[in-house]
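**Q** Take a look at this one; I'll ask things after.
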C-alpha cells in the first residue's frame, strides 16, 4: 500500500455510513481454538499491542476462553507514594514551589500509567481505563491537584468493566470532575450548569435527547457537592431541595435521582453501546448491532462486561471487513512498538512526550469531548513523525535527541520466537503478518525480503550469518514505516 492509497483509505466516510456486513452477535467459533489471525485481531483491538507470548497463549485457547481471559489484570497497582496525601494538608515554601512539585507529580503519574500499559499483558484493563478517561474527561491543567487525577484513574481501573450506571454516580462525587466541570462551586440559588450539561450531552444521552430545561433542572438537583480531603461529599445545606422537572418526571430530585432517571431512558444504554462499538469495532456504529448491545446492557442492570463479552465473541467483531479498518492511536502506536518486541526499556518520559507530540498527552485531553481519534490520529505532520519514531525505536534510539536507550530491543530474541526463522521468505511473511493488520501483497513481501537480506542470496539466510541484527533491524524499520503499520 502506497501513501496515496493509505491516505485515501483513512479519509472519513460519510458520517452515518457503517461498514456493510451481514454478521451479527452470534458467537464466532466459541469452542474452537483461535487461529493466529483471529487471535491477532482480538488482541490488537482489546490491548495496546500484541506480544509474542500473548499470541502463543491466545492460540491455545478457544474463542470463548480467550475473551474471558481478557477480563483480568491488576485493578489496584501500587501508585506513587504521594497519591494518598490529602492536598489540603500539604505545605510548600511558596505557590511556585507547589506548582513545580505538582508538575513533577503529573509527569510521574503519566509515566506510571504508561508503564502499566507496557506491562499490561493479556488484559483489556488498560484499554478500558483509557476508554473511561476519554469518556469522563478531566485534565490536569484545570484540576491542578495530582492526587485527584490519580483518584479518578483508580476509579476507572476498579470499575473498568463494572456497572456503568454506578460509574456515572461515582463521577458526581469525583474530586477531579467536581473541579473540572465546576460543580464544586454549584449551590442552591446559583447552580452551575457545566456538569449537568456534559453529563447529558457527552456522558450519558447525547445531543437531541434532552432539553435546555432539563439541563437547568439537573443542575439544581446536582448542587451541594464539595471536596473534603480525598473525596467528594454532599452538603445538604448547599443543595436546592425544591421541586424539579427532569426528563418528564417531577420531584425534589437530588444527584441519585438524576442518575436514576437518566438510566431509565433507553437512549442511555444505546449511547454507551455505540461508544463501545466505536472503540472496539469501527468508528461508525452499525445501528442494529448497537440496539442489540443496548438491550444486553439493560438486561444485565448496566453491568458492562456481559455486553462487551457478547460483542468481542461475536461473528460481527471477527468479520474480516473490520480488520485493518481503524487507525492506531498514539498509545496503540507507542506502546504497541514495545509490546510487539517484548521491550520494557523505553525511557518513560520520552514515551509520554512522543505520544503528546502525536496529539495524545495522558491526563490532558484537548477538550471535555476528549480525543475524537480514528482518522484524526493521522495527518501529514503526525504520519512522518510516526515513521521516524519507529525507525529510531528499531535501533534502540530516541527520535527527539538521537540518544541511545539504555538497552535496545532484542531483535534476535524476537526472530527466534518465529519457528520459520531459518527460511528467509517464510520468516518475512510471518513477521509481517504478526506486525500488520493487513496481509501484505507480493511486491511488499519482496521489498521486505530485500531489506532483510541486504544483498545476500536467499539461501544464505540464517540467524548465524554476519550482521544478522543489522538485517533484522532493517526488516523491522521497513515494516514499521509501511502505511499498513498504522492500522488495527
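Just so you know, all these numbers are worked out from the coordinates, no wet-lab data involved. Bear in mind that the values here come from a model prediction, so they are computed numbers and not experimental data. Every residue, glycine as well, gets a Cβ built from its backbone with ideal geometry; the counts of neighbours run over all protein chains shown.
**Q** If each residue of separation counts as 0.36 nm, what is the full-extension length gain between residue 86 and residue 321 once their alpha-carbon separation is subtracted?
**A** 79.6 nm
**Q** Another question, if that's okay. Taking the chain as the reference, fit the longest principal axis to its C-alpha atoms, fit the long axis of helix 287-299 to the helix C-alpha atoms, and give the angle between the two in degrees, 0 to 90, nearest 10.
**A** So the helix axis and the longest Cα principal axis differ by about 60 degrees.
**Q** Once Rh for the stretch 117-247 is found with the Kirkwood sum over Cα pairs, what is the Stokes-Einstein diffusion coefficient at 20 °C and 1.002 mPa s, in µm²/s?
**A** Calculated translational D: 139 µm²/s.
**Q** Let me ask something else. How many angstrom lie between the Cα centre of the stretch 41-107 and the Cα centre of the stretch 250-292?
**A** When both Cα centres are located, 26 Å separates them.
**Q** Further question: State the Kirkwood hydrodynamic radius of the stretch 73-144 in Å, one decimal place, computed from all pairs of distinct Cα atoms.
**A** Computed over Cα pairs of the stretch 73-144, the Kirkwood hydrodynamic radius comes out at 14.1 Å.
**Q** Something else: Figure the gain on full extension for residue 459 and residue 21 (residue separation times 0.36 nm, minus the Cα-Cα span) and round it to one decimal in nm. List each step's numbers first, then the result.
**A** Numbers: separation 438, 0.36 × 438 = 157.68 nm, distance 4.38 nm.
Result for the pair: 153.3 nm of gain on full extension.
**Q** Please compute the length gained on full extension between residue 188 and residue 402, using 0.36 nm multiplied by the number of residues separating them and subtracting their Cα-Cα distance. Spell out each step's value before the answer.
**A** Working: separation 214, 0.36 × 214 = 77.04 nm, distance 5.71 nm.
Once the chain is fully extended between residue 188 and residue 402, it gains 71.3 nm.
**Q** Please work out the C-alpha center-to-center distance from the stretch 449-488 to the stretch 122-201 and express it in whole Å.
**A** Their Cα centres are 46 Å away from one another.
**Q** Sticking with this structure for a sec: Give the value in nm², to one decimal: projected area of the alpha carbon convex hull of the stretch 410-486, averaged over all directions.
**A** The directionally averaged projection comes out at 4.6 nm².
**Q** Also: Rounding to the nearest 10 and keeping the result within 0 to 90°, find how far the Cα-based axis of helix 442-453 lies from the longest principal axis of the chain.
**A** On a 0 to 90 degree scale, this one is about 70.
**Q** Can you tell me the equivalent ellipsoid semi-axes for the stretch 231-375? Use √(5λ) from the Cα gyration tensor, largest first, whole Å. Provide the component values of the computation, followed by the final result.
**A** Values: eigenvalues 258, 121, 34 Å².
After diagonalising the Cα gyration tensor, the semi-axes are 36, 25, 13 Å.
**Q** Measure off 7 Å from each Cα along the Cα-to-Cβ vector at residue 233 and residue 413, then give the distance between these two points in nanometres to one decimal.
**A** 5.0 nm
**Q** From the C-alpha gyration tensor of the chain, pull out the three semi-axes of the equivalent ellipsoid (sqrt of 5λ each), sorted largest to smallest, in whole Å.
**A** Equivalent ellipsoid semi-axes, largest first: 43, 27, 18 Å.
**Q** What do you get for the angle between helix 382-395 and the principal long axis of the chain? Use alpha-carbon atoms, 0 to 90 degrees, nearest ten.
**A** Taking the Cα atoms of the chain, the angle to 382-395 is about 50 degrees.
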